[in-house]
Amino acid sequence: MSYYAKLLIAAVGVAQLVAACPADAADVYPNRPVEFIVPWGAGGGSDQTARELSKLLQAELKVSFPVVNVPGGTGNAGMVKMLSGPSDGYSISLLAWDTFALLASRPPKWKMSDFITLGIVIQLPSGFYVSQDSDYKSWADVEKAAKANPDGLKVAISGFGSPDDLTIHQLAKQGIVLKAVPYAEPGERYSSLLGHHVDLLYSPIGNIGSFVSGQQMRPILFFSDEPIKGFEDVPTAKQSGHDISLPQRRAVIVKADTPPAQVKVLSDAIAAVVAKPEYAEFLKQELASPASYVPTEAAASLMESDLAAMKNMAAGK
Amino acid sequence: METLHLLSQGMIHIIADGYLTMLVIGLIVGMAVSVMPGLGIVMGIVLALPFTYSMAVEPSIIMLTAIYMSGTYAGCFTAILYRIPGEPNDIPMLWDGYNMSRNGQTAEALGWALISAFIGGIVSTAFMVGLAIPLGKLALQFSTADYFAAVFLGLTSVVSLAGASIVNAFIGLFIGLLISTVGVDSIYGSERFTFDSPILVNGIPYITVLVGMYGFGEVLTRIGRKPINFSKVGEPIRTNTAFPSLKQIWDIRETLLRSTVLGTLLGIVPGAGATVTSFIAYGIEKQYSKRRDLLGSGLPEGIVAPQIGSTASVAGHMVPLLTLGIPGSGATAIILAAFLLHGVQPGPLLLSTAQSKLTVYTIFASMFMAVVGMCLLSFLWIRVVVRVLSIPPAVLAAVVIMFSLLGTYANRNSISDMMLIVVFGALGYAFEKFKFPISPLVLGVVLGPLAESSFMQTMISHDNDFTAFFNGPIRGTFMALSLAALLFPVVRNSLSRRKSSMSQTVSD
């Protein structure tokens, strides 16, 4: 066989190999792992939500969604990491309302138009808790004590500028002045209440479930429109005359200039996985509202109104 | 009695159900991550977490706890052998541990470390398990003011790290504290010393400084000292571990007692962790040990105190987690997450039913087995680690640099942290070159954020009242010890000066 004949056979072989590769592999999105940024440490509420979604999304889209923890600066570090990366749809991030509230209290370097919300995936009502043996039996007791001794009652919050802080600030405007003490670590926040170093704890319900069922803490007020299932005897803020409701929400977001087709694949996949019974079970375990999911367009308008409310609350700080 | 019964049941459970495999895997993983500079215990547990998704809750927790336990120990090998601490809590090992090794007593140094890890682990676990409920409650008594006082005591241990010049030590400490303030502050969220740079805005994590100055810096120093080559230079070490005799152990019984009590008690302080405990244990030894003047030149006490402190803190953190559901350290926060991922909520409820009580005591039992297993495994492990000494230094240098960069990247998935490693490596080289102590700076970077947040929380909570740091039994004790640590050298110096001036007057 001549040299050219060999070359020809080789060329045909190569061509066949190329043709054998699925032609669509390069076009179909996603065809490689999608990084799932969590701007908080491993083990927290955001991390748990992301890991649950990552597991379900992997089954749905047949690529893995590795969770990458980028903690720091109230979620700012993770936001900056995602927004400074390429907008090819291979990097998504979880946005917690603690980070979102930064837009109202101290404007960060990013803005709302920098990202697209693929969906709000979890909503947890927040509330005030006292330790089981506290002298304050109800919200009415707290209100009375706070009015008699303004700035005398201590409440543990996650940090200044957070939704927790905005709520305390709004209450102060309504005549109930509490002293907010920031504890960034959830563990320290809970032990500060159990050790009686603070009088109250402000927290989304998710992480508190075990302390409540273990009879270490009691909820005394929920910032929600409706009473919480299982805690029907705990008043809502509305019932107590405070029109405040800033639930802890968490959304999945992607960079704003990601191609629309990819945004659609991702948001459809999220819509599909949150409808699964496993996810419903996860929400139940976290004591989240069963109707937590809000799709893209509705999420955008809800975020606008939340932001307006938070800006309003932050005013005069 | 009931405790013993439950523990033995738990132990049978571990052996019968084959959880021993998970225990051993955990121990090996913990040893592996803790000898690699940059890859920390917390990172090891995070990396292992996804593998537990498909397991039952008990083997998962057993494996993660084993990583935690052996992670507080194995990092001392690299500190003793190469002067590169595997974990921040191994920094105190650099002084007496490395010096013993340089004096030709490598095997003895490793033996002391092993004995200390064993005693610290067993005694504190026994103590914590026996008194789990009351001690768990004690953890809640610690307020932010007590916590600040404990961290402050840790910071005053700089006096004992001073070496030649106490002024240089304080300069280093303050530079370290300054570095720790870079980035967004944790209380008010203001940007400090960021100069609008995206690298600095997210802060400088202490692991970057630690790995940069010790790991990367050590390699640079060695290259600077003499041309690095590919031929073998390490002398073969015959005995791998030499155990101290019972008499030698008895001779330092006071150190053993002090460090074990300190490690266990500081362990239950939420947030303190192995690093704070290890530094305080060494600092206390420098103050109160009989041979304090020789400490730092290669004494067993200088190995025993920090190692016992580190290992004892594990039990101190696990017990509040299991009895109250409160994670006191980064490692226990992730172990808590592993519980939650399996739908189990640690806390008082866990002790309320017979079935879940057995789960808790199975984990307690696994902690005893982890301590024993860790010491047995380290025999084999030391053989491997010691063999590394005969690797050509050029290759070893490349490997250390690779792990330094990889480990730091894994910490926050950030490329800019890898650039910072190089910067701090150069700084570490410069410090070494001009005989400026590195450890005070690293101490400042590690403890700075803890000191700041607990100080600010106390100030906010007590209307800026300074007396809040002194007016309680726990904080009062820590503060008194701190002041003693700070004033001691001053008093000693002035005393010796007076003595010498008096003798001068006599001779005049």
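Counting residues in segment B:319-327 that are more than 21 Å from B:T52 (Cα to Cα), surrounded by fewer than 24 Cβ atoms within 10 Å (Cβ to Cβ) and of a type outside the set (A, V, I, L, M) gives one or more.
Conditions (1) free of Cβ contacts under 8 Å to residues at least 40 places away in the same chain; (2) among the charged types (D, E, K, R); (3) crowded, with 16+ Cβ neighbours inside 10 Å, marked per residue:
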| position | (1), (2), (3) |
| --- | --- |
| B:K357 | no, yes, yes |
| B:S366 | no, no, yes |
| B:M374 | no, no, yes |
| B:F379 | no, no, no |
| B:S404 | no, no, yes |
| B:N411 | no, no, yes |
| B:M419 | no, no, no |
| B:G425 | no, no, yes |
| B:A430 | yes, no, no |
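Out of curiosity, is A:E185 within 13 Å of chain B (Cβ to nearest Cβ) and either among the charged types (D, E, K, R) or over 28 Å from B:A337 (Cα atoms) (or both)? The answer is yes for A:E185. Sub-9 Å Cβ pairs linking a first residue in segment A:79-106 that is under 23 Å from B:S416 (Cα atoms) to a second residue that is surrounded by 21 or more Cβ atoms within 10 Å (Cβ to Cβ) and of a type in the set (D, E, K, R), at least 6 apart or interchain, are A:K81/B:R412; A:S91/A:K81; A:S93/A:K81; A:L94/A:D47; A:L94/A:R250; A:L95/A:R249; A:L95/A:R250, ordered by first then second residue. With respect to the conditions (1) buried (at least 24 other Cβ atoms within 10 Å of the Cβ); (2) away from every other protein chain (no Cβ under 14 Å); (3) of a type in the set (S, T, N, Q), B:S297 lacks only one, and its number is (1). Of all residues in segment A:194-205, those being more than 7 Å from chain B (Cβ to nearest Cβ) and surrounded by fewer than 22 Cβ atoms within 10 Å (Cβ to Cβ) number 1.
In the set (1) crowded, with 18+ Cβ neighbours inside 10 Å; (2) more than 23 Å from A:D306 (Cα to Cα); (3) out of contact with any helix residue (DSSP H, G or I) (no Cβ under 6 Å at 6 or more places or on another chain); (4) within 14 Å of chain B (Cβ to nearest Cβ), A:S131 fails one condition alone, (3).
Scanning segment B:6-42 for residues that are within 22 Å of B:G212 (Cα to Cα) and surrounded by 22 or more Cβ atoms within 10 Å (Cβ to Cβ) yields B:G30, B:M31, B:V33, B:S34, B:V35, B:M36, B:P37, B:G38, B:L39, B:G40, B:I41, B:V42.
How many residues are part of a helix (DSSP H, G or I) and at the interface with chain A (Cβ under 8 Å from one of its Cβ atoms) if we restrict to segment B:322-331? Spell out the reasoning first.
First, pick out the residues of segment B:322-331 that are part of a helix (DSSP H, G or I): B:322-324, B:330-331.
Adding the requirement that they be at the interface with chain A (Cβ under 8 Å from one of its Cβ atoms) leaves B:324, B:330.
Here the count works out to 2.
Could you look through segment A:212-235, keep only residues that are crowded, with 21+ Cβ neighbours inside 10 Å and not hydrophobic (A, V, I, L, M, F, W, C), and pick out the one that is farthest from the chain's Cα centre (by Cα)? By that ranking, first place goes to A:Q216. Checking B:V360, B:V319, B:V314 one by one, the residue that is closer than 20 Å to B:L138 by Cβ, away from chain A (no Cβ under 14 Å) and part of a helix (DSSP H, G or I) is B:V314 and no other.
Tally time: how many residues in segment A:207-260 are part of a loop (DSSP other than H, G, I, E, B), of a type in the set (A, V, I, L, M, F, W, C) and either within 14 Å of another protein chain (Cβ to nearest Cβ) or in contact (Cβ under 8 Å) with a residue 60 or more places away in the chain (or both)? Of the residues in that region, 5 qualify. Candidates are the residues of segment B:107-156 that are within 14 Å of chain A (Cβ to nearest Cβ) and charged (D, E, K, R); the one that is surrounded by the most Cβ atoms within 10 Å (Cβ to Cβ) is B:D146.
When B:F77, B:F152 are checked against the criterion of being within 18 Å of the chain's Cα centre (by Cα), within 29 Å of A:G195 (Cα to Cα) and assigned to a helix (DSSP H, G or I), a single residue qualifies: B:F152.
For segment A:144-162, which positions are away from chain B (no Cβ under 14 Å) and either crowded, with 23+ Cβ neighbours inside 10 Å or under 23 Å from A:Q248 (Cβ atoms) (or both)?
A:A146
Regarding B:T181, is this residue at pLDDT 90 or above, within 14 Å of another protein chain (Cβ to nearest Cβ) and over 30 Å from B:L295 (Cα atoms)? Considered against the rule, which asks whether it is at pLDDT 90 or above, within 14 Å of another protein chain (Cβ to nearest Cβ) and over 30 Å from B:L295 (Cα atoms), B:T181 comes out as yes.
The values are calculated or read from the model by the stated rules, or taken from the named source; none is laboratory data. What you see is a predicted model, and the numbers here were worked out from it, not measured in a lab. Cβ coordinates were reconstructed from backbone atoms using ideal geometry, including for glycine residues, and neighbour counts include every protein chain displayed.
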